[in-house]
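Structure record follows, encoded as C-alpha cells.
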Amino acid sequence: MTAKSAEVRIERGTPADVPIILGLIRQLAEYEKLAHEVTATEQDVRASLFGARPAAEVLLAYADDAPIGFAIFFQSFSTFLGKPGLYLEDLFVVPEWRRKGVGKRLFASVAALAVARGCGRFEWAVLDWNTPALDFYRSLGARVMDDWRICRLTGDALRRAAGQKH
C-alpha cells in the first residue's frame, strides 16, 4: 500500500481500538527514546479513554485498514481567557507515513474540535531535540513558548506533595 493508493481517514477511537492505541503509544515512546517509561496497559488505556469518566479523547488515522497515527488530547482551562482549551498530549504518525499530510490532518481535526467547542487555546509540549516536530508546528502558525517550563510530579513525589507517605 502506498500513500497514493491508500484512502487516509481520521476517526474517533473506540474501546475496540485500545490494542491499536497502545501499540501506537509504544511506537511513539520508542521514537522519543522513552520506551522504558511506558507502563500503560490495555486496561489503563481503556479506563482512561473510554471509562465512566474519560480523561482524554483519541483520534486515529488509518490508511485503508492500517492504523498509521493518532492524536490524544484533553480539555484544559485558561484562567486568563475564562475559557476551556484543548491540550494535545500526543500526536504521532508512523515513520513511513510522515510528510504525507497525515500529521497535519490529525492536528487540524483536533484544532477543529477546539474551535467547535469554543476553546480559547490549543496547546501542547514538544521535546526540545525534536526539530522536525518543532518545524512542523511552526509551519502551522504555532508559537514556541520559550519562557515557560513544564513541571511534573509522579510516583512518590506526587504522594509526598499530597501529604501521603507512600
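The values are calculated or read from the model by the stated rules, or taken from the named source; none is laboratory data. Keep in mind that this is a model prediction, so the values were computed, not measured. A quick note on method: Cβ atoms are made from the backbone with ideal geometry, for glycine too, and the neighbour counts reach across all protein chains shown.
Here are some notes:
- Here the helices (runs of 4 or more DSSP H) wholly within region 17-134 that include at least 3 residues being under 30 Å from Gly155 (Cβ atoms) are 18-31, 42-50.
- Any hit, region 63-70, residues being surrounded by 13 or more Cβ atoms within 10 Å (Cβ to Cβ) and more than 19 Å from Glu7 (Cβ to Cβ): no
- The lone exception for Leu34 - which of (1) closer than 25 Å to Asn130 by Cα; (2) surrounded by 13 or more Cβ atoms within 10 Å (Cβ to Cβ); (3) free of Cβ contacts under 8 Å to residues at least 60 places away in the same chain; (4) among the hydrophobic types (A, V, I, L, M, F, W, C) it fails: (2)
- Unique match (being hydroxyl-bearing (Ser, Thr, Tyr), without any contact (Cβ under 8 Å) to a residue 12 or more places away in the chain, surrounded by 10 or more Cβ atoms within 10 Å (Cβ to Cβ) and within 27 Å of Gln27 (Cα to Cα)) among Thr154, Thr131: Thr131
- Extreme residue, surrounded by the most Cβ atoms within 10 Å (Cβ to Cβ), among residues of region 19-31 that are in contact with a helix residue (DSSP H, G or I) (Cβ under 9 Å, 6 or more places away or on another chain) and within 26 Å of Ala112 (Cβ to Cβ): Ile21
- When Ala71, Ala61, Ala35 are checked against the criterion of being over 24 Å from Ile10 (Cα atoms) and modelled with pLDDT of 95 or more, Ala35 stands alone in meeting it.
- Of all the criteria given as (1) under 21 Å from Gly85 (Cβ atoms); (2) part of a loop (DSSP other than H, G, I, E, B); (3) within 17 Å of the chain's Cα centre (by Cα); (4) not β-branched (Val, Ile, Thr), the one not satisfied by Gly141 is (3).
- Residue that is nearest to the chain's Cα centre (by Cα) [pool: residues in region 41-55 that are surrounded by fewer than 16 Cβ atoms within 10 Å (Cβ to Cβ) and within 18 Å of Leu88 (Cα to Cα)]: Ala55
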